[in-house]
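Everything on this sheet refers to the single structure shown next.
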Amino acid sequence: MAATRYRRFLKLCEEWPVEETKRQRDLGAFLRQRVAQAFREGENTQIADPETCDQMYESLVRIHTNYYKNKYPRLKDTSFTGVTVEDCKMILATDILKQMEDMKKGTWRKLRERFYAKKPEDDSK
């Protein structure tokens, strides 16, 4: 039975898209990593709690297939802020978040990082 569960998770991982804009924060990549950890021995992996494993699988399938989005359709594709899905995806992209983080840095910190090879935290030691 573990072999069947393993194959189902592998199929789900293959179908789950990876968003390149969310490097190191993508749910698809995280899912692949967790499946690899959970099934280290592949089809021969012994599952301690099969019911929990099946529940996790079913939950992930509902997320992947947009079960609740289809079950409870929205009238508009925006949130209360008026921001569209495309705008949210753009804002949450890793590159944009990095730019916003750089904008938050103070002038002195930017200069220190530019002219010193070591990090500002190293100065306090």
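The values are calculated or read from the model by the stated rules, or taken from the named source; none is laboratory data. Here the structure is a predicted model, which means the values were calculated and not measured. Quick reminder, even Gly has a Cβ in these numbers, built from the backbone with ideal geometry, and neighbours come from all protein chains shown. Side chains included, ligands, DNA and RNA excluded: accessible areas come from the protein's heavy atoms. Shrake-Rupley method; radii C 1.70, N 1.55, O 1.52, S 1.80 Å.
In terms of accessible area, using a 1.4 Å probe and ignoring ligands and nucleic acids, 43, 86, 14 rank largest first as 14, 86, 43.
Multiplying the residue separation of residue 52 and residue 1 by 0.36 nm and subtracting their alpha-carbon distance yields 17.0 nm. Relative contact order, whole percent, for the chain stands at 24, derived from Cα pairs under 8 Å and 6 or more residues apart. Sorted into 10 angstrom bins from 0, the C-alpha pair distances of the range 1-118 split as 11, 27, 26, 19, 13, 4, 0 percent. Applying 0.36 nm per residue to the separation of residue 62 and residue 91 and subtracting their alpha-carbon distance, the gain on full extension is 7.9 nm. For the range 62-75, backbone phi angles converted through the Karplus equation (6.51, -1.76, 1.60; θ = phi - 60°) give residue-by-residue couplings of 5, 5, 5, 8, 6, 3, 6, 5, 6, 6, 10, x, 9, 6 Hz, Gly and Pro being listed as x.
Taking amide H positions as modeled 1.01 Å from N, with prolines and chain starts lacking one, the residues under 5 Å from residue 23 and 5 or more places away or on another chain are 94.
Considering only DSSP states other than H, G, I, E and B, which chymotrypsin sites (Phe, Trp or Tyr not before Pro) in the range 1-85 qualify as loop sites with at most 16 other Cβ atoms within 10 Å?
Working: sites: 6, 9, 30, 39, 57, 67, 68, 80; in loops: 39, 80.
In loop regions of the range 1-85 (DSSP not H, G, I, E or B), the sparsely surrounded chymotrypsin sites (Phe, Trp or Tyr not before Pro) are 80.
With 0.36 nm allotted per residue and the present C-alpha distance subtracted, the residue 101-residue 83 stretch has 4.4 nm of extension available.
Which links in 69/98; 76/98; 22/69; 11/69; 11/98 stretch past 24 Å when you go from one Cα to the other?
Numbers: 69/98 30 Å; 76/98 30 Å; 22/69 22 Å; 11/69 22 Å; 11/98 33 Å.
Listed pairs above 24 Å: 69/98; 76/98; 11/98.
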